[in-house]
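Coordinate-derived values only; no laboratory data. Source: prediction; values computed, not measured. No Cβ is skipped: glycine too gets one built from the backbone with ideal geometry, and neighbour counts run over all protein chains shown.
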Amino acid sequence: MNIVDLSLRLTLLDMVLRPVGDRTVRPLTLAFAALGLLIPGQLRSKFIWLPLAFLTGLRVFLDWPLPDNHAYLLFYWCLAVTIALFSRDSERCLAFNGKTLIGLAFAFALLWKAFLSGDFMDGRFFSITMLTDPRFEAFTGSVLSLDDYEMDSLTLFVEQHIDGELPARGLDIPILPSRLHLVSEILTYWTVLIEGAVAILFLIPSMAAVSRLRDVSLILFCVTTYSVATVEGFGWLLIAMGVSQSGERSKSIRYLYVAAFLLILVYSYLPMFR
């Protein structure tokens with residue numbers, strides 16, 4: 001399959017599998033994405049992608065100031081697809097936008113985590129997130145060997161707002177698992193390493209060796225990150241964008257992108273990842 005067609009199909013499939021927006025935006029977004037997939041000849045239709053660019057932008061506007069971070073990226077990507085479809089060389093335009101958007105997204109993520117945030121590099125972010133974010137619940141319970149009661153106790157304790165010193169009595173303080181800090185440090189340094197690699201490889205000029213490493217780094221990021229953080233829609237979006245810049249240099253790369261897309265889908269249905 002042509003890389004533009006594959007990239008657009010994966011983007012639409014992402015929006016069908018994980019419809020976005022509230023009840024005013026979601027039905028229309030789902031309908032246009034489904035029409036683009038189901039009606040022959042409509043995959044590259046401007047009458048599909050113009051409304052999707054508008055609807056994904058409207059979603060960000062309606063959820064302001066707290067839309068999901070990948071809501072912005074989905075809007076930018078739908079807008080980039082629309083622009084590419086109006087250009088004389090859709091494949092080249094889409095590849096440039098996919099490569100640039102991925103590179104910048106990862107570069108700014110790395111800038112925030114490694115240099116601007118005061119609670120990421122010391123492990124606090126993952127220590128708290130593993131105990132309070134439902135998307136990490138299955139991973140945390142498995143890695144730290146916690147049963148439901150222990151997990152709930154730790155979550156309730158961490159979510160309490162306590163000013164000053166802990167009271168000497170009246171508060172049952174659970175024991176933090178010894179492995180929590182170690183796992184948090186591993187996740188922290190792996191995140192900085194893989195996101196830094198993706199940012200650099202996607203922003204430097206294209207060469208044959210760099211292009212192959214670029215694809216491998218993004219695929220590796222997706223299959224590892226979204227096995228822990230179950231945000232399937234974000235992973236699928238990155239894969240669709242990655243396909244757009246993969247070129248015709250190797251069919252195996254496209255197979256790997258599709259395999260990663262399916263693997264993230266499998267993650268969402270396996271008990272250990274839910």
Give me, ordered by chain and number, the residues 5 or more places off Asp68 or on other chains with an amide H under 5 Å from its own placed amide H. none
Ranked by Cβ crowding within 10 angstrom, fewest neighbours first, how are Val192, Val4 ordered? Val192, Val4
Helix 90-111 versus the longest principal axis of the chain: what angle, 0 to 90°, nearest 10, using Cα atoms? 20 degrees
What are the ³J(HN,Hα) values, in whole Hz, obtained from phi via the Karplus relation 6.51 cos²θ - 1.76 cosθ + 1.60 with θ = phi - 60°, for each residue of region 23-39 in sequence order, with x given for Gly and Pro? 5, 8, 9, 4, x, 5, 4, 4, 5, 5, 5, 5, 4, x, 7, 8, 8
J(HN,Hα) series, region 181-195, from Karplus relation 6.51 cos²θ - 1.76 cosθ + 1.60, nearest Hz, glycine and proline x: 5, 4, 5, 4, 5, 4, 5, 4, 6, 5, 4, 5, 5, 6, 5
Determine ³J(HN,Hα), in whole Hz, for all residues of region 216-232 in sequence, where each value follows from phi through the Karplus function 6.51 cos²θ - 1.76 cosθ + 1.60 and θ = phi - 60°; x replaces Gly and Pro. 4, 5, 5, 5, 4, 4, 5, 6, 8, 5, 8, 7, 9, 9, 7, 10, 4
With a 10 Å cut-off between alpha carbons and a GNM built on the chain, which of Ala209, Ala95, Ala31 moves the most? Ala209
Options Gly242, Gly141, His70, ranked by Cα towards positive dipole end of the chain, top entry (Cβ charges): Gly242
Please report Trp236, Trp64 as a ranked list, fewest other C-beta atoms within 10 angstrom at the top and most at the bottom. Trp64, Trp236
Expressed to one decimal in nm², the mean projection of the alpha carbon convex hull of region 1-86 is 5.2 nm²
24 Å Cα-Cα reach of Lys46 towards lysines, excluding residues that sit fewer than 8 places from it in its own chain: Lys99
For the chain, take N as its residue count and report Rg(C-alpha) divided by 2.2 N^0.38 Å. 1.11
